[in-house]
Amino acid sequence: MEVCYVNLLCDKKIPPKLKGKFYRVVVRPALLYGAECWPVKNSHVQKMHVAEMRMLRWMCGHTRSDKIRNEVIREKVGVDYVVDKLREARLRWFGHVRRRCADSSDLTQLHITEDMTLDRKEWRSRIKVEGKIYSCKRCGTHLALSENLVPRVNVTSGEIENRIMVTGMHTVADIFCVCCGSIVGWKYETAHEKSQKYKEGKSVLERFKISGPDGSHYWDSHETYVAGSDADDV
């Protein structure tokens, strides 16, 4: 596949504009991957600029000895400055963060506020979740915080079905780990008994499918799993 890309960019029969489009779609995203969070210095920007111009000249079949201005090369392939795209990516992410609700789930669960970002030491101590999380026992993917055992991230829901549990009939959907696909719990969609209505919309993790904050595992009998008990949730 890599040889195919090289042949495409070096082929003189392919129009420069088409090469430029390929560069914008394939090469530049790889060059700027994760740039939103880079602590960029002027030296880094200069290196990216040099690397991009070498690539563009190579695509056009030119070298620096041909003494063709950078602006002419860029106009030939239709590619903007990588520095401008880097700034665009960082500002796009900045706008995404600023539009985020102040009471979002992550901020609420970790008990942090925006003004804490001004103190780097305090911010790092607040956002550190090592030793505070419950994970998938099979692959170690983070599922929930120890302060709030409602799984909000890294899970996906399955098909909805009626299931008889210890507390009566419920309409539930299994929840799966997004990484390994194993079942880690279920979500209550509808409770058929009035006394159980408080469970609707809530999710639970099964003890023997997760690892605790200290890395320990929970073990339950096979009969508990088959019965679909909702008395052994975390």
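The values are calculated or read from the model by the stated rules, or taken from the named source; none is laboratory data. Because the structure is a prediction, the values reported are computed rather than measured. Cβ sites come from the backbone with ideal geometry, for glycine too, and all protein chains shown count toward neighbours.
Summary table
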item	result
Odd one out for residue 171, checked against (1) modelled with pLDDT under 70; (2) surrounded by 15 or more Cβ atoms within 10 Å (Cβ to Cβ); (3) farther than 17 Å from residue 206 by Cβ	(1)
Residue 194 basic (Lys, Arg) and crowded, with 18+ Cβ neighbours inside 10 Å	no
Hits in the stretch 55-86 (condition: under 18 Å from residue 30 (Cβ atoms) and either free of Cβ contacts under 8 Å to residues at least 24 places away in the same chain or not in a helix (DSSP H, G or I) (or both))	79, 80, 81, 84
Subset of the stretch 81-107 (residues that are at pLDDT below 65 and not aliphatic (A, V, I, L, M))	103, 104, 105, 106
Residue that is modelled with pLDDT of 85 or more, surrounded by fewer than 15 Cβ atoms within 10 Å (Cβ to Cβ) and either under 30 Å from residue 193 (Cβ atoms) or touching a strand residue (DSSP E or B) at 6+ places or on another chain (Cβ under 7 Å) (or both), where the choices are 159, 147	159
Selection from the stretch 114-134 of residues that are touching a helix residue (DSSP H, G or I) at 6+ places or on another chain (Cβ under 9 Å), at pLDDT 65 or above and either under 28 Å from residue 205 (Cβ atoms) or hydrophobic (A, V, I, L, M, F, W, C) (or both)	116, 123, 126, 127
Filter pass, residue 50 being in a helix (DSSP H, G or I), under 30 Å from residue 15 (Cβ atoms), in contact with a helix residue (DSSP H, G or I) (Cβ under 8 Å, 6 or more places away or on another chain) and assigned by TED's automatic domain parsing to the domain that holds residue 21	no
Selection from the stretch 18-37 of residues that are touching a residue at least 24 places away in the same chain (Cβ under 8 Å) and surrounded by 12 or more Cβ atoms within 10 Å (Cβ to Cβ)	19, 20, 21, 23, 24, 27, 28, 31, 32, 35, 36
Given (1) crowded, with 16+ Cβ neighbours inside 10 Å; (2) modelled with pLDDT under 85; (3) assigned by TED's automatic domain parsing to the domain that holds residue 139; (4) of a type outside the set (Val, Ile, Thr), index of the condition residue 215 fails	(1)
